[in-house]
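J.: This is the structure I have questions about; it appears just below.
The values are calculated or read from the model by the stated rules, or taken from the named source; none is laboratory data. Since the structure is predicted, the reported quantities are computational estimates derived from the model, not experimental observations. Quick reminder, even Gly has a Cβ in these numbers, built from the backbone with ideal geometry, and neighbours come from all protein chains shown. Note: accessible area is taken over every heavy atom of the protein model, side chains too, but ligands, DNA and RNA are not part of it. Shrake-Rupley method; radii C 1.70, N 1.55, O 1.52, S 1.80 Å.
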Amino acid sequence: MTMHLSKMPKVALLTALFATSALPALAGGTLRLDEVPVGELDPGKALDYADSLLMFNVYDTLVMPTAGAPGQSPHLATEWTIEGNLVTFKLRDDVKFQSGNAFTADDVVFSFDRMKALGQGNAYLFSTVEKAEAVDANTVKFTLSAAYAPFIASLTRLPILDKALVLQHLGDGEGEMKDWGQAWLSANSAGSGAYKIVSHNPQSETVMSRNDGYFLGVPAEAPDEVRLRYGLEAATVRAMVSSGEHDITSQWLPPEVMMAMVGDGAHLLQEAGTGGFYIKLNTQKAPLDDVNCRLALANAFDYQTAMAITQITPEVAGGTAPTGAIPVGMLGAKPRDGGTLTRNMDAAKDYLSKCAYNPADYTLELSWVAEVPLEERFALLMQQNFSELGFNTEIVRVPWVLFTERVAKPETTPNISQVFVTAVTGDPDTLLYPMYHSSLSGTWQSPEYLKDAEVDALLDKGRTAATPADREAAYAAVNDRLMALAPTIYGFDRNTVMAASSRVSVPAMEDPAKAYALDGMGLSFRLMAMKD
Amino acid sequence: MGFLRIFLRRLGTALLVLFGVSLLIFVIARVIPGDPARVALGPNATAEQVSALREMLRLDDPVPLQYLHYMGRLFQGDLGISLYTNRPVTTDIAEFLPATLELILLAGVMMVAIGLPLGILAARYRGRWPDHLVRIAALLGVSAPSFVWAVVLMLIFGFWLQWLPIQSRLHDSFTIAPVTGFMLIDTLIAGNLAAFGNAISHLILPAFALALSGIGQAARLTRANMIETYDKPYIEMARAYGFPEGRIARRYAFKPSLIPSLTIIGLDFAAMLGSAFLVEQVFGWPGLSRYGVQVILRKDLNAIVGTVLIIAALFLLMNILVDLLTGLLNPRIRHAQGDKA
């Protein structure tokens with residue numbers, strides 16, 4: 001007996017180690033990808049890229065961006081009509097939530113009311129919407145306080161919740177709706193999407209499995225299970241992809257790591273046309289309150305080298321050549337064949353000669369966001385570029401939290417800041433209005449503090465114009481005006497790049513004809529194919 | 001009785017220290033830059049929304065009033081809601097703490113099980129090649145930070161040799177219902193030996209990376225203390241009696257040499273609660289240290305205070321345990337502690 005007991009730990013250890021080497025095979029279609037923490041599951045709070053992935057796959061929206069083309073297509077809605085400030089949607093009658101409850105207009109109204117009541121995440125997109133009403137079970141009507149052309153695009157950011165299910169899980173709170181189900185929805189889903197939540201750990205991983213009852217169907221080759229991991233280190237991700245433990249990386253890896261992974265056999269996924277890299281000039285502080293000084297800097301900036309910094313392979317970079325203030329592919333953008341922005345030192349010196357300030361008298365504070373190390377390289381590039389004009393610069397590393405505080409006042413805002421900005425709905429309004437309308441100055445998107453009546457009027461026109469052609473004309477005019485005022489140096493059009501293992505194919509990020517003009521929509525799991 | 005008195009005295013002191021820590025971290029969390037409401041609501045929230053959340057969180061109240069309110073809730077076991085995960089801080093801690101504890105417990109076992117024998121070996125073969133080898137290895141372990149070892153070990157055993165897994169606590173193919181939060185225990189409760197073995201394989205690299213510095217410390221300290229003890233007259237007498245070298249080392253030289261090593265190991269073990277962050281980050285380990293750093297970056301006040309309090313409490317608990325253990329090993333220390341107490 002004694003002998004048996006003394007042998008037991010050894011036996012257990014050996015059994016365990018043996019078992020380790022005989023792992024059960026993963027289900028054929030398990031997709032593993034990663035993003036930065038934290039994954040927010042509540043549709044009323046979702047905001048970041050990781051949140052978008054969850055929303056696009058677990059929930060549905062009334063409309064969705066059209067694949068390979070601008071504009072939106074019906075999704076949960078079958079059609080819509082716009083009469084003045086009223087927008088009416090006819091809804092599908094064959095959709096069921098993952099709970100089995102039928103989708104109706106009441107769910108749309110509830111989802112909208114909840115978004116407005118919480119006032120977080122993307123609620124700001126619906127500030128012009130006064131109310132939503134259910135006309136009948138399959139018709140819903142939105143009343144806007146004023147004409148707002150980007151409204152249809154905004155609906156791509158209104159995930160529709162299963163009202164009956166949420167009402168069963170209201171937590172503590174005041175009023176009829178108590179906490180609006182916030183506590184429960186932070187770990188559970190109430191959607192109709194192609195994937196349902198199996199488990200959710202906001203710091204480490206969200207596990208999803210396919211919803212076989214999805215109203216559009218989930219193809220057999222799509223992943224059976226998805227593991228969205230959060231906050232992995234670059235070195236870890238590289239090792240995991242190479243050893244077959246991971247499939248798609250986040251977009252935040254340094255170009256060198258992506259390059260190494262391509263060398264190990266990974267392929268690159270791309271998503272473009274929704275935003276850019278912007279170098280923001282504080283127009284309220286000398287010497288950059290003089291437009292000629294700003295134009296001098298814009299012409300002295302080395303666009304080619306900036307893009308080379310993001311180069312991954314000879315064909316793929318994290319940025320593409322800018323043509324103006326609006327990224328190519330978006331309403332109002334200048335076509336690429338019309339010429340791209342390039343460095344022009346003669347023009348820079350010419351503008352500088354017209355500037356009222358002597359550059360040697362000023363030291364420009366040039367900030368970079370501490371959480372984005374790539375920006376330090378751009379800061380060094382600018383320091384070198386601008387020194388050729390005689391500007392002194394001081395490079396300052398600013399944590400994001402501090403940056404958002406500093407830009408709240410023009411006097412504390414750095415002379416030069418760097419940010420990546422994306423059009424939240426794919427519409428230029430969500431890119432340009434928060435950056436340049438004078439009513440919204442002083443946020444991380446608008447450290448320029450631009451105060452220009454013409455820009456304001458054109459941006460308002462872009463919101464209210466009746467036809468797409470009128471909107472395009474308005475944004476084209478905004479583009480020209482911004483290039484003349486140079487509140488920003490338009491570094492490059494953003495090209496979101498991720499590395500993927502050969503196990504997975506993502507057509508929406510490999511074929512421009514199938515791409516969506518909405519950040520994150522390309523990673524719709526049901527459109528992917530897992531290879532054995 | 002003496003032990004109980006020492007324990008109660010130490011506990012009383014620890015509670016006072018905890019109170020001080022709570023006060024300090026509460027104030028520090030409020031003076032670091034950034035508006036927690038703004039960070040939580042996102043960059044597009046309006047000033048009114050930010051103001052409403054500040055009011056809800058009582059951030060506009062004077063700090064002493066906020067502290068009293070916080071302590072009132074703390075005594076009811078409520079650490080507030082985390083703005084980072086949108087869950088109660090107690091839920092987050094209950095989920096993340098076992099992962100970190102499991103990691104540092106194994107690291108602690110490695111420190112003792114590897115560091116002490118290496119120290120004994122080096123002392124016993126003083127000046128010969130085993131001693132040189134141990135000293136070089138110990139120096140390497142101590143001189144490089146744990147995250148460097150984490151990356152090196154990951155590259156060698158996870159990437160090139162592919163012997164051990166790189167990330168997470170368990171292979172994706174296993175589904176184990178959390179009962180205690182300790183994966184080794186939960187897999188055993190589930191009766192799944194394969195999952196148990198897999199959980200061990202996931203623990204080895206991060207725990208070893210975390211333990212390496214402590215192993216080096218323990219080995220160096222044990223060696224130095226044992227060498228000092230070997231020079232004592234009673235060891236010479238034991239040799240003169242013809243006792244075997246192994247017995248002399250184990251029974252007469254090791255025990256007195258253990259006390260300083262134990263103190264250092266205890267402190268190292270407690271310090272790992274905080275320093276595990278980088279190792280957790282490299283291995284994607286969903287632990288409390290990683291959570292602690294994330295909440296500081298997001299200025300999540302409730303979570304910062306809650307996490308620091310828990311880590312401080314564990315640190316103090318470890319100190320008490322070390323005090324009791326050293327007292328147990330050496331009656332003179334026990335009596336001195338009892339007298340002071």
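J.: Quick one: divide the alpha-carbon radius of gyration of region A:310-360 by 2.2 N^0.38 Å and tell me what you get. Provide the component values of the computation, followed by the final result.
T.: Working: Rg = 15.5 Å, N = 51, 2.2 N^0.38 = 9.8 Å.
Compared with the compact-globule rule of thumb, region A:310-360 sits at 1.58.
J.: Give the long-range amide H neighbours of residue A:319: residues separated by 5 or more places, or on another chain, with amide H under 5 Å away, using H modelled in the peptide plane at 1.01 Å from N.
T.: Excluding prolines and chain starts, which carry no amide H, the hits are A:495.
J.: If N is the number of residues in region B:123-183, what value comes out of its Cα radius of gyration divided by 2.2 N^0.38 Å?
T.: The reported ratio for this selection is 1.70.
J.: Using bins 10 angstrom wide from zero, how does P(r) for region B:37-160 break down, in % of all Cα pairs?
T.: In whole percents, the pair-distance histogram is 10, 21, 21, 16, 17, 11, 4, 0.
J.: Could you check how many percent of all C-alpha pairs in region A:58-165 are farther apart than 20 Å?
T.: Roughly 34 percent, once rounded to a whole number.
J.: Relative to the compact-globule scaling 2.2 N^0.38 Å, provide the ratio for the alpha-carbon radius of gyration of region A:337-397.
T.: Relative to the rule-of-thumb radius for its length, region A:337-397 sits at 1.30.
J.: Note down the Stokes-Einstein diffusion coefficient of region A:370-435 in µm²/s, whole number, using a Kirkwood radius over alpha carbon pairs, 37 °C, and 0.692 mPa s. Please list the in-between numbers first.
T.: Details: Rh = 13.8 Å.
Diffusion coefficient, whole number: 239 µm²/s.
J.: If I take every Cα pair under 8 Å that is 6 or more residues apart in region B:1-128, average their sequence separation and divide by the length, what percent do I get for the relative contact order?
T.: Computed value for region B:1-128: 11 percent relative contact order.
J.: Output wanted: per-residue J couplings in Hz (rounded whole) for region B:72-88, from phi through Karplus 6.51 cos²θ - 1.76 cosθ + 1.60, θ = phi - 60°, x for Gly and Pro.
T.: x, 6, 4, 5, 9, x, 10, 9, x, 9, 7, 7, 7, 10, 6, 10, x
J.: Can you give the Rg to Rh ratio of chain B, both from alpha-carbon atoms, with Rh computed by the Kirkwood formula? Don't skip to the answer; put the middle values down first.
T.: On the way: Rg = 23.7 Å, Rh = 22.7 Å.
My calculation puts Rg/Rh at 1.04.
J.: Please list the non-local residues whose amide H lies under 5 Å from the amide H of residue A:72, H modeled 1.01 Å from N, same-chain partners needing a gap of 5 or more.
T.: Those qualifying (amide H under 5 Å, at least 5 residues apart or on another chain) are A:66.
J.: Could you pull the accessible area for residue B:73 with a 1.4 Å probe, rounded to 10 Å²?
T.: Taking all protein chains as shown, residue B:73 has close to 50 Å².
J.: Could you pull the Rg and Dmax for region A:446-498, using just the Cα atoms, both in Å?
T.: So, for region A:446-498, Rg and Dmax equal 13.1, 40 Å respectively.
J.: Can you tally the net charge around residue B:150? Count Lys and Arg as +1, Asp and Glu as -1, for every other residue whose Cβ sits under 13 Å from the Cβ of residue B:150.
T.: -1
J.: Relative contact order (percent) for chain A, with alpha-carbon contacts under 8 angstrom and 6 or more residues of separation?
T.: 20 percent
J.: Here's a follow-up. Express in Å², to the nearest 10, the accessible area of residue B:236 obtained by rolling a 1.4 Å probe over the protein heavy atoms while all chains stay in place.
T.: It works out to around 130 Å².
J.: How many square angstrom of accessible surface are buried between B and A, both sides summed, with a 1.4 Å probe and rounding to 100?
T.: Approximately 3900 Å² gets buried when B meets A.
J.: Taking a ≥ b ≥ c as the square roots of the eigenvalues of the Cα gyration tensor of region B:1-86, is the shape rounded (a/c under 1.5), prolate (a/b larger than b/c) or oblate?
T.: Prolate is the answer for region B:1-86, as a/c is 1.5 or above and a/b outweighs b/c.
J.: Using a Debye calculation, one point per C-alpha and no hydration shell, please list log10 I(q)/I(0) for region B:109-213 at q = 0.12, 0.22, 0.24 Å⁻¹ in order.
T.: Taking Cα atoms of region B:109-213 as identical point scatterers yields -0.54, -1.10, -1.18.
J.: Enter the mean projected area of the convex hull around the alpha-carbon atoms of region A:346-462, in nm², rounded to one decimal.
T.: The Cα convex hull of region A:346-462, projected and averaged over all directions, gives 8.6 nm².
J.: Give me, ordered by chain and number, the residues 5 or more places off residue A:34 or on other chains with an amide H under 5 Å from its own placed amide H.
T.: A:229, A:248, A:250
J.: Going out from 0 in 10 Å bins, what whole percent of all Cα-Cα distances in region B:40-80 drops into each bin?
T.: In order of increasing distance, the bins hold 27, 41, 27, 4 percent.
J.: Please give the net charge around residue A:164, taking every other residue with its beta carbon less than 13 angstrom from that of residue A:164, where Lys and Arg add +1 and Asp and Glu add -1.
T.: Numbers: positive: A:96, A:163; negative: A:106, A:107, A:162.
Here the count lands on -1.
J.: Sticking with this one: If R0 is 51 Å, what FRET efficiency do you get for residue B:28 and residue B:113 from their C-beta distance, rounded to 0.05?
T.: The calculated FRET efficiency here is 0.85.
J.: Next up: Just to confirm my numbers, what's the Cα centroid distance between region B:182-197 and region B:7-28 in Å?
T.: 36 Å
J.: Could you report region B:89-246's accessible area per residue, 1.4 Å probe, as an integer in Å²?
T.: Heavy-atom accessible area per residue stands at 46 Å².
J.: Also, quick follow-up: Less than 19 Å from a label point 7 Å out along the Cα-to-Cβ axis of residue B:179: which backbone N atoms in region B:187-212 qualify, by residue?
T.: Inside the label zone: B:187-200.
J.: Here is a follow-up. What number comes out for the charge environment of residue A:471, summing +1 per Lys or Arg and -1 per Asp or Glu over other residues with Cβ under 13 Å away? Please report the intermediate quantities before stating the final value.
T.: On the way: positive: A:461, A:463; negative: A:427, A:429, A:460, A:470, A:472.
Net of charged neighbours comes to -3.
J.: Hey, another quick one. Name the helices (complete DSSP H segments) of chain A with a Cα length along the long axis of 18 Å or more and a Kyte-Doolittle mean of at least 0.0, or state none.
T.: Those that clear 18 Å and a mean of 0.0 are A:2-21, A:105-118.
J.: Sticking with this structure for a sec: Compute and list, largest first, the equivalent-ellipsoid semi-axes of region A:389-515 from the alpha carbon gyration tensor, each √(5λ) rounded to a whole angstrom.
T.: The answer is 28, 25, 14 Å, longest axis first.
J.: Based only on Cα atoms, what Rg/Rh ratio does region A:297-413 have, Rh being taken as Kirkwood's radius?
T.: My calculation puts Rg/Rh at 0.99.
J.: Moving on. Share of Cα-Cα pairs in the protein assembly as shown beyond 45 Å, in percent?
T.: Working: 134792 of 380628 pairs.
Every Cα pair in the protein assembly as shown considered, those over 45 Å come to 35 percent.
J.: Against the longest alpha carbon principal axis of chain B, how many degrees, from 0 to 90 and to the nearest 10, is the axis of helix B:255-282 turned?
T.: Rounded to the nearest ten degrees, it is 40.
J.: Restricting everything to alpha-carbon atoms, can you work out Rg to Rh for region A:191-332 with a Kirkwood hydrodynamic radius?
T.: Values: Rg = 20.8 Å, Rh = 19.1 Å.
In region A:191-332, Rg relative to Rh is 1.09.
J.: List the lysines whose Cα lies under 29 Å from the Cα of residue A:531, skipping any in the same chain that are fewer than 8 positions away.
T.: Straight-line reach from residue A:531, under 29 Å: A:196, A:514.
J.: Now for a different question. Working only with C-alpha atoms, what are the Rg and Dmax values of region B:221-341, expressed in angstrom?
T.: Cα only, region B:221-341: 20.5, 66 Å (Rg, Dmax).
J.: Principal axis lengths of region A:114-225 from Cα atoms, whole Å, largest first?
T.: 44, 35, 29
J.: Tell me what the protein assembly as shown gives for mean residue ellipticity at 222 nm when only DSSP H runs of n ≥ 4 count, each as -39,500 (n - 2.57), the sum divided by the residue total, rounded to 500 deg cm²/dmol.
T.: -14500 deg cm²/dmol
J.: Something else now. Considering every pair of different Cα atoms, what Kirkwood radius, in Å, is found for region B:8-58? Don't skip to the answer; put the middle values down first.
T.: Working: mean 1/r = 0.0755 Å⁻¹.
Its Kirkwood hydrodynamic radius stands at 13.2 Å.
J.: Hey, what do the phi angles of region B:220-231 turn into as Karplus ³J(HN,Hα) couplings, whole Hz, using 6.51/-1.76/1.60 and θ = phi - 60°, x for Gly and Pro?
T.: Working through the residues one at a time gives 5, 5, 4, 4, 4, 5, 5, 4, 5, 5, 4, 7 Hz.
J.: Nearest 10 degrees, 0 to 90: what angle lies between the long axis of helix B:129-143 and the longest principal axis of chain B (Cα atoms)?
T.: Rounded to the nearest ten degrees, it is 10.
J.: Now, a different point. Quick one: check the C-alpha center-to-center distance for region A:112-141 versus region B:85-156, whole angstrom.
T.: 54 Å
J.: Compute the projected area of the convex hull of the Cα atoms of region B:244-301, averaged over all viewing directions, and report it in nm² to one decimal place.
T.: It is 6.0 nm².
J.: Using r as the Cβ-Cβ distance of residue A:354 and residue A:505, and R0 as 51 Å, what FRET efficiency do you calculate, to the nearest 0.05?
T.: So, using R0 = 51 Å, E works out to roughly 0.40.
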